[in-house]
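The structure appears right after this line, and notes come after that.
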Ligand SMILES: [Zn+2]
């Protein structure tokens, strides 16, 4: 009798499961940098913000949390956060919203976009900043302090641009960016309808008028919700391939080293270029050039 009873129970359960409407999957990838966080106005571009670094880590973590809250509020079923600043060991995992998972530290071949794959539906950039050479973007740079300009397929882009193309390859649109006005304006050159959460107004590259962190977090959460609610309006920004990467270094000596890599050609004193049939492969080499190249 027992086996029959169990069988009946199982059948009943199966019927209930089939009758349930299918839950909609919404996977969100969040790349978190530091220079675009409200209140962050100083610090070198590769990691520490000097005496303020520990405060900045907390501010960065809380802005990530605001985006996580917004994502789950808009129906996300999974959120992965990638620490994308300097050492990539900045976010305080014990203070992170416990619904998210964290990718951190190095060496990550895909750097700021490590962990993204075709199963993700949307990408969000938090704490992003303007590109190298910007007149007023807070702590403006591209990749590291060694890059004077980066051009992909002839277009000058910053980290938002180079990373947006990675998302495009995986078929995911970047729906929201937070940072200063320049970071948002530069992202809109590639994705005009991207939602922007401006948390500070850059006055110079080392000065800004910031929102209070609590207000900045509300703005980020609200912008995340708005962006994900209109997800069907977004299209991934795909790079043309083969893609041409052109890196203008701040020092001639770095171009001397870079041109020793097969496929990398010298363009002028400070500039090298290379082509990649696979954008992701080109992106990985780019990361080597801006992060790991030394001239001494
Ligand atoms: Zn950055």
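The values are calculated or read from the model by the stated rules, or taken from the named source; none is laboratory data. Bear in mind the structure is a predicted one, so any value in this text is a computation, not a measurement. Cβ atoms come from the backbone with ideal geometry, glycine included; neighbour counts cover every protein chain shown.
The strands (runs of 3 or more DSSP E) located wholly in the range 108-202 that include 1 or more residues which are under 24 Å from residue 68 (Cα atoms) and within 16 Å of the ligand (Cβ to nearest atom) occupy 122-128, 174-180. The C-beta contact set for the range 10-39 (first residue surrounded by 10 or more Cβ atoms within 10 Å (Cβ to Cβ), second residue at pLDDT below 50 and not in a helix (DSSP H, G or I), distance under 8 angstrom, 6+ apart or interchain) comprises 35/45.
In the set (1) crowded, with 24+ Cβ neighbours inside 10 Å; (2) within 15 Å of the ligand (Cβ to nearest atom); (3) part of a helix (DSSP H, G or I), the condition left unmet by residue 56 is number (1).
Please go through the range 87-102 and give me each residue that is touching a strand residue (DSSP E or B) at 6+ places or on another chain (Cβ under 9 Å) and either modelled with pLDDT under 95 or within 16 Å of the ligand (Cβ to nearest atom) (or both), ordered by number. Hits for the range 87-102 are 88, 89, 90, 91. Does residue 207 satisfy the criteria of being more than 19 Å from residue 30 (Cβ to Cβ) and in contact (Cβ under 8 Å) with a residue 60 or more places away in the chain? Spelling it out, residue 207 is indeed more than 19 Å from residue 30 (Cβ to Cβ) and in contact (Cβ under 8 Å) with a residue 60 or more places away in the chain.
The one condition from (1) under 26 Å from residue 133 (Cβ atoms); (2) touching a helix residue (DSSP H, G or I) at 6+ places or on another chain (Cβ under 7 Å) that residue 252 does not meet is (2). Residues in the range 84-104 that are farther than 27 Å from residue 158 by Cβ and either in contact (Cβ under 8 Å) with a residue 12 or more places away in the chain or in contact with a helix residue (DSSP H, G or I) (Cβ under 9 Å, 6 or more places away or on another chain) (or both): 93, 95, 97, 99. When each of 232, 213, 236 is tested for being under 24 Å from residue 42 (Cα atoms) and surrounded by fewer than 20 Cβ atoms within 10 Å (Cβ to Cβ), the lone residue that passes is 213.
Table: residues versus (1) modelled with pLDDT under 95; (2) closer than 18 Å to residue 161 by Cβ; (3) assigned to a loop (DSSP other than H, G, I, E, B).
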| position | (1), (2), (3) |
| --- | --- |
| 256 | no, no, no |
| 260 | no, no, yes |
| 266 | no, no, no |
| 272 | no, no, no |
| 282 | no, yes, no |
| 285 | no, yes, no |
| 288 | no, no, no |
